[in-house]
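The structure appears below as structure tokens.
Quick note: the coordinates plus some simple rules give every number you see, no bench work behind them. All values reported here derive from a predicted model rather than from experimental measurement. Cβ placement follows ideal geometry from the backbone for every residue including glycine, while neighbour counts extend to all protein chains displayed.
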Amino acid sequence: MSEEGIIPCSLSKEAKQKIDDYARALVESAPRIGSHGLTEDEFVRSGLLHAAIEKLRGSRSASMGEKRGFIAEVLDWMKEQGDLEAWEFAGGGERHDYQVELAGATTCIEAKGCLDGNNTNIFVRPPNADHFLMWSLCQNMGADPRHNVWSGIHTRLGAEIIAKKERIDGLIVWDMLCGTVGRPCPKLGGGKAPVMMAGRPVPPPCIYLFPRSLPDARNNPEPPMWKLDEIPFLQRLHARFGGGGLPVNEVKLRVKREGNEILRETTIQRGESILRQSRWTVLKRANV
């Protein structure tokens, strides 16, 4: 296996230590914050801190404002540069969030969070989509990108593709924290400068290509892969934001039947390097 990791960035020990230290300081200072009028003992027994934390977590998880703002900024920038013809937000009543038109093809995009939650499993490929993509935006600086991407791809998306027979053509992992102090981007090493988008520096996105057809134990046990130049939106996204010369990732899905069970194997590969490969895993889904 390659030592590169299934995604270049990771949760560093330094960042984790800073988060742990700040969390401890916050808990110690909490009784003295605000005008709750409680003694320290009353504050501890009241559960006020935990209730406030849960409220903040809920409001942040429910809010798509920052995520939508980042995607809109990217799509607007690409349109200004001539990389796409039109795009629209379709999230109100549709089962996907964005629709992009370019090169005579309709690309539908579903926005997701950190990929390690149950929401990742909820998707339906739109009937008008020439290509259907997931876009992961993780606003949690303390999340481990490598854990989240593997959990999302193998445990959730791959299993759902096989069980629900809903094809996903690609995955983008990229958001407003990429390239910041909170989540430095290894792709910018060696003095490589980030692309400036409307005056703000952004690193290249991480792109994962999926199989071009549905895995099937009898008729299609090892489906062929998409190539980057066959999905125009991903090709132009990759080129526009400095991905030229960098290989993208492939998510290979294999399936087989043993008795009454369907087994699956997930391999994430970059170029000739296998970044991670699962064992043969029983598919624990209904209706397969």
Evaluate the chain: find the radius of gyration of its Cα atoms, find its Kirkwood radius, and give the ratio Rg to Rh. 1.01
Value in Å of the Kirkwood radius, where segment 145-288 supplies the Cα pairs that are averaged: 16.5
Inter-site label distance for THR267 and ASN219 at 7 Å from Cα along Cβ, in nm: 2.4
Cα-only radius of gyration and Dmax that characterise segment 13-60, units Å: 12.4, 38
Report the far tail of the P(r) of segment 107-219, meaning the percent of Cα-Cα pairs longer than 22 Å. 38
Between LYS227 and LYS18, what's the calculated FRET efficiency when r is the beta-carbon distance and R0 is 51 Å? Round to 0.05. 0.80
Computed FRET value (nearest 0.05) for GLU101 with ARG212, which takes r as the C-beta separation and R₀ as 22 Å: 0.60
Obtain the nm distance between the two label points defined at ASP130 and ARG257 by a simple spin-label model: each point lies 7 Å from its Cα along the Cα-to-C-beta direction. 3.5
Once Lys and Arg are counted +1 and Asp and Glu -1 for all other residues with Cβ under 14 Å from that of ASN148, the total becomes +2
Using the alpha-carbon atoms, what tilt in degrees (0 to 90, nearest 10) does helix 65-80 show relative to the longest principal axis of the chain? 40
